Amino acid sequence: MRINLVLELLDSPGQLVKALEPISVYGANLVTVIHKRDYKNENGKVPVQLTLEGEHEDLKKVVDRFEELGFSIIELDGVVRKEKITTIFFGHIVDQDLRDTMDRINELDGVEIVAFDIKLNGEEKSTALINIEADIGKKQIVFDKIAEIAEEKELLVINEV
């Protein structure tokens, strides 16, 4: 059996080697690896395309191990598994318990904030750009949670279209 997948790895020494380790541990064969360092995203991660061969159960163990190690599997056999969602909050973000806002988004199953950039303007209102990675099909759930938080905390929210 053969599978093709795309992982997102931090662009730092040792990450690729760490990602390749489960392949040999579970007896799979690495057919192709394309490490696209020129395509670093805003989180400092790069896509790595892998083609693996092996027994179905061994390949499943490799994929499970990738997830245990915290590697994002963006695509598996041509099927996109993660969506990137970008939203902006505007208002008194810090005063409204920034940690609570992040925790409430992260508590959604299959959803994770991968970047949170805030622009402070003294005592004035602030702007936060939030990058979220979510399992396919969870986009509306994320938007609903963001709208709930924004309404409760009196923040203006701008979601992507």
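Tabulated results
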{"read-out": "Output for the stretch 61-94, where each listed residue is among the basic types (Lys, Arg) and modelled with pLDDT of 90 or more", "value": "LYS61, ARG65"}
{"read-out": "Positions within the stretch 38-71 being touching a Lys or Arg at 6+ places or on another chain (Cβ under 6 Å) and in contact (Cβ under 8 Å) with a residue 40 or more places away in the chain, in sequence order", "value": "PRO47, GLU53"}
{"read-out": "Residue check, ASP117 out of contact with any Cys (no Cβ under 8 Å at 6 or more places or on another chain), part of a strand (DSSP E or B), on the phi < 0 side of the Ramachandran plot and acidic (Asp, Glu)", "value": "yes"}
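The values are calculated or read from the model by the stated rules, or taken from the named source; none is laboratory data. Treat the numbers as computed from the prediction; the structure is a model and nothing was measured. So basically every Cβ, Gly included, is an ideal-geometry build from the backbone, and we count neighbours across all protein chains shown.
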